[in-house]
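Just below is one structure, and these are the notes that go with it.
The values are calculated or read from the model by the stated rules, or taken from the named source; none is laboratory data. Quick caveat, the model's predicted, so the values are computed rather than measured. Ideal geometry is used to build each Cβ from the backbone, glycine not excepted, and the neighbour counts take in all protein chains shown. The accessibility values were calculated without ligands, DNA or RNA, using every heavy atom of the protein model including side chains. Shrake-Rupley method; radii C 1.70, N 1.55, O 1.52, S 1.80 Å.
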Amino acid sequence: MQKIAQFIIKIVDFCYKPFQKLLPLQIFRYGFCGGGNMVLDWVLYFFIYNFVIGHDLIYIYTPIQSLCLTPHIASLCIVFPITLLTGFWLNKYVTFTHSTLASQKQLFRYVLIVIVNLAINYFGLKLCVECFGWYPTPSKMLITVFTVLISFLGQKYFSFRE
């Protein structure tokens, strides 16, 4: 895993050269890795929503209660754990490499911030899709723009602080 991280760092740092007078390296790495993870999120969301879920309601039957998930929320639930793990890995090993906090503490704090972002995504999708009648994928993209700032500040000053 370290070799993969070093490879990614070399690519990101190479791409950083034209921007080094405009941005600090850490912000560029965060944007590069976060952008890659965001594109992964969007592509997975689009694929899951359109080809796996198929725009259908998802019914989950349990002995206690039955649940019905709308396709845009079901897609979010499937994509979320994947991008949670890829995002943590990229932040820990590429962006915030100088943090001395224990990995378990970093992961716990990272998950807390991601839960805040998940809530913003959930309520944002509910608002955009169900109230405003917007398409799910562009709605997800718009909401992501708002969560990026919250995520960077939280990860820098809370999850991976030095």
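The range 6-75: which trypsin sites (Lys or Arg not before Pro) are DSSP loop and have at most 15 other beta-carbon atoms within 10 angstrom? Show your work: numbers first, answer last.
On the way: sites: Lys10, Lys21, Arg29; in loops: Lys21.
Passing both the DSSP loop test and the Cβ count: Lys21.
With +1 on each Lys and Arg Cβ and -1 on each Asp and Glu Cβ, how big is the dipole of the range 1-88 about its Cα centre, in debye rounded to the nearest 20?
Details: 5 positive and 3 negative charges, 106 e Å.
Computed charge dipole of the range 1-88: roughly 520 debye.
Mind checking the per residue accessible area of the chain for me, 1.4 Å probe, whole number of Å²?
Values: 9940 Å² over 162 residues.
Ligands and nucleic acids excluded, the figure is 61 Å² per residue.
Could you estimate the translational diffusion coefficient of the chain from the Stokes-Einstein equation, with Rh from the Kirkwood formula over C-alpha pairs, at 37 °C and 0.692 mPa s, in whole µm²/s? Please report the intermediate quantities before stating the final value.
On the way: Rh = 17.1 Å.
The Stokes-Einstein estimate is 192 µm²/s.
Ignoring everything but the protein chains, give the 1.4 Å probe accessible area of Asp41 in square angstrom, nearest 10.
Looks like 20 Å² after rounding.
Given points 7 Å out from each Cα along the Cα-Cβ axis, report the Leu153 to Phe7 separation in nanometres with one decimal.
3.6
Any chance you could list the semi-axes, whole Å, largest first, of the equivalent ellipsoid that the Cα gyration tensor gives for the range 4-54, using √(5λ)? Don't jump to the answer; show the numbers that get you there.
On the way: eigenvalues 178, 27, 10 Å².
Working through the eigenvalues yields semi-axes of 30, 12, 7 Å.
Can you find, among Val116, Tyr16, Leu85, the residue sitting farthest towards the positive end of the charge dipole of the chain, where Lys and Arg contribute +1 and Asp and Glu -1 at Cβ?
Result: Tyr16, furthest along the dipole toward the positive end.
On the accessible surface of the range 60-159, probed at 1.4 Å, how many percent belong to carbon and sulfur atoms?
Numbers: 4200 of 5590 Å².
Carbon plus sulfur share of accessible area: 75 percent.
In percent, how large is the relative contact order of the chain, given Cα pairs closer than 8 Å and 6 or more residues apart? Write down the numbers at each step before the final one.
Values: 135 pairs, mean separation 38.5, N = 162.
Here the relative contact order equals 24 percent.
If you place +1 on the Cβ of every Lys and Arg, -1 on the Cβ of every Asp and Glu, and leave all else neutral, what size is the dipole of the range 80-161 about its Cα centre, to the nearest 20 Debye?
Details: 7 positive and 1 negative charges, 58 e Å.
That gives a dipole near 280 debye.
Where does the chain land at 222 nm, in deg cm²/dmol rounded to the nearest 500, when only DSSP H runs of n ≥ 4 count, each adding -39500 (n - 2.57), divided by all residues? Write out the running numbers ahead of the final one.
Details: 5 runs with 100 residues, N = 162.
The helix-only estimate for the chain comes to -21000 deg cm²/dmol at 222 nm.
Any chance you could look up the accessible area of Thr100 with a 1.4 Å probe, heavy atoms only, rounded to 10 Å²?
About 120 Å², rounded to the nearest 10.
Given a Förster distance of 22 angstrom, what is the FRET efficiency for Met141 paired with Leu40, based on the Cβ-Cβ distance and rounded to 0.05?
Details: r = 13 Å, r/R0 = 0.59.
E between Met141 and Leu40, to the nearest 0.05, is 0.95.
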